[in-house]
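Shown next, in structure tokens, is the structure this report addresses.
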Amino acid sequence: MSMIPGIDSAASALGVERTRLDVIAGNLANAQNTSDASGQVYRRKMVVFESQLNNALGESTGANAGSSVSARVVDDPSPMPKVYMPGHPKADKSGMVEMPNVDPLNEMVDMMTASRSYQANLQAIQTGRSMFEQSLKIVE
Amino acid sequence: MTINPLDALSSLTQGQLGNMGALNANPPAGAVPTGMTPASESFNSLLGTQSTAPATSSVAATGGASPTTWGHMVQQMVMDVNSQQSNANVMVNDVLKGGPTPVHQAMVATEEASLSFEFLTEVRNKVLDAYNQIMQMQV
Amino acid sequence: MASDGLFITPALQSLRLSMDDAALRQQAISSNIANVNTPGYQRMDVSSSFQQAFSDALNRLGEGQTLDEMPQGNIETAAVQGPARPDGNTVQLENEMVSMANNSARYEFAGEMLSNNYHGIKLAITGQP
């Protein structure tokens with residue numbers, strides 16, 4: 001991957017943002033889900049980002065230097081809101097139902113951030129590609 | 001310096017450039033010599049180019065003979081161009097393997113090796129022309 | 001090597017060095033853009049020692065001297081960081097995008113000039129461009 005400068009980092013970010021968009025889609029779809037496959041109320045999923053160096057310091061002069069990003073999907077530990085719905089099948093003694101801890105507004109904001117980052121990383125790959133094509137002209 | 005065109009040119013016309021190159025010990029693979037030999041410096045000063053690097057010697061096989069004859073100069077040039085081209089190949093291979101060489105450096109090395117080879121070819125052609133002219137002179 | 005004496009000139013060296021610098025910077029920018037949402041990430045840049053060596057070299061080359069050897073560089077976490085967002089990230093996406101546009105323009109310009117130079121040398125050697 002040493003021909004297009006920066007492609008390792010940008011490609012890792014594309015994968016990560018794609019994962020985040022999938023997670024957001026799942027959260028939105030299950031925003032009202034009080035009983036999933038195992039009968040539990042749906043708990044929001046979130047993505048944790050970590051950066052890592054592409055290679056050891058000795059090789060940092062090459063085209064595959066720099067940092068990439070990776071993501072883990074984890075459960076959101078924040079508490080579930082309770083809503084008063086006395087007739088609901090999952091209502092407890094006082095008529096409160098546990099709802100998923102998904103706030104659609106937050107998910108929309110995250111979706112816009114992920115989308116903007118995705119576009120920026122695509123631009124980085126295109127720019128790197130055009131730099132590579134220019135370097136080929138040296139030999140023409 | 002003593003010029004013996006017949007020696008050098010007869011070798012050239014018989015296609016012994018390769019033999020001249022093989023007389024030397026193989027240049028180390030991938031090494032980039034940074035200096036110039038005294039023969040190369042005088043050759044370059046003939047051409048009017050600058051030589052600012054300190055002189056180091058990379059010629060081994062001529063057995064200590066003074067490196068100022070045409071034959072030796074051409075021999076030195078052939079070996080230099082050869083090592084320049086092999087160095088360029090090393091860099092290109094490194095790019096293809098995904099190694100740390102930036103692609104533009106491999107491109108630069110390739111282009112410079114190719115131009116050096118064309119330069120060497122032109123020098124050979126001009127020297128041959130001069131030889132032919134001399135041989136056609138009525139004595 | 002004697003045969004590359006044709007190419008040890010200030011013009012060619014400054015163009016090659018500019019391309020080295022721009023290629024390095026593109027990797028740093030790409031790392032920064034990739035990590036724009038990573039908590040605690042500090043932006044990377046070309047190492048400050050290479051930036052200094054690069055600007056010194058350009059000054060010398062501009063005065064007509066040639067370099068004995070080309071400086072080598074790498075990228076690292078930038079010494080000077082701007083303000084951090086609440087999650088500790090110091091990357092400003094707009095700055096990185098602008099920097100990327102400038103940087104790729106410099107790289108492509110230097111590449112085009114190098115190509116031009118080599119055509120000129122080839123013309124001088126063989127009489128054909």
**Study point:** Of A:D110, A:D36, A:D75, the one that fluctuates the most in a GNM where chain A has Cα springs shorter than 10 Å
**Key:** A:D36
Review point. What list of ³J(HN,Hα) values in whole Hz, one per residue of segment B:74-86 in order, does the Karplus curve 6.51 cos²θ - 1.76 cosθ + 1.60 (θ = phi - 60°) give from phi, with Gly and Pro shown as x?
Key: 5, 4, 4, 4, 4, 5, 5, 4, 4, 6, 5, 5, 5
Check your understanding: Between segment A:1-56 and segment B:104-120, what is the C-alpha centre distance in whole Å?
Key -> 46 Å
Practice item. List C:S99, C:S48 from most exposed to least, where exposure is judged by having the fewest other Cβ atoms within 10 Å. Key: C:S48, C:S99
Practice item. Please find the FRET efficiency linking C:Q81 to A:S35, where r is the Cβ-Cβ separation and R0 is fixed at 45 Å, and quote it to the nearest 0.05. Key: 0.40
Exercise for review: Obtain the nm distance between the two label points defined at C:Q128 and B:N89 by a simple spin-label model: each point lies 7 Å from its Cα along the Cα-to-C-beta direction.
Suggested key: 2.5 nm
Study note, to complete from the structure: Amide H neighbours of A:S67 at under 5 Å, excluding residues fewer than 5 places away on the same chain, with H built from the backbone geometry, are A:N54, C:S31
Point to revise | Folded to 0 to 90 degrees: helix A:7-29 orientation relative to chain A principal axis, Cα | key: 10 degrees
**Study point:** Relative contact order of chain C, defined on C-alpha pairs under 8 angstrom at six or more residues apart (%)
**Key:** 35 percent
Study note, to complete from the structure: Listed by chain and number, the residues whose amide H is under 5 Å from that of A:K90, excluding neighbours fewer than 5 places away on the same chain and using placed H, are none
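List every DSSP H helix in chain C whose Cα atoms extend 24 Å or more along the helix's own long axis and whose mean Kyte-Doolittle hydropathy is at least -0.5.
Passing helices, by number: C:10-34, C:93-126.
Quick note: the coordinates plus some simple rules give every number you see, no bench work behind them. Since the structure is predicted, the reported quantities are computational estimates derived from the model, not experimental observations. Glycine also receives a Cβ, built like all others from the backbone with ideal geometry; neighbour counts cover every protein chain displayed.
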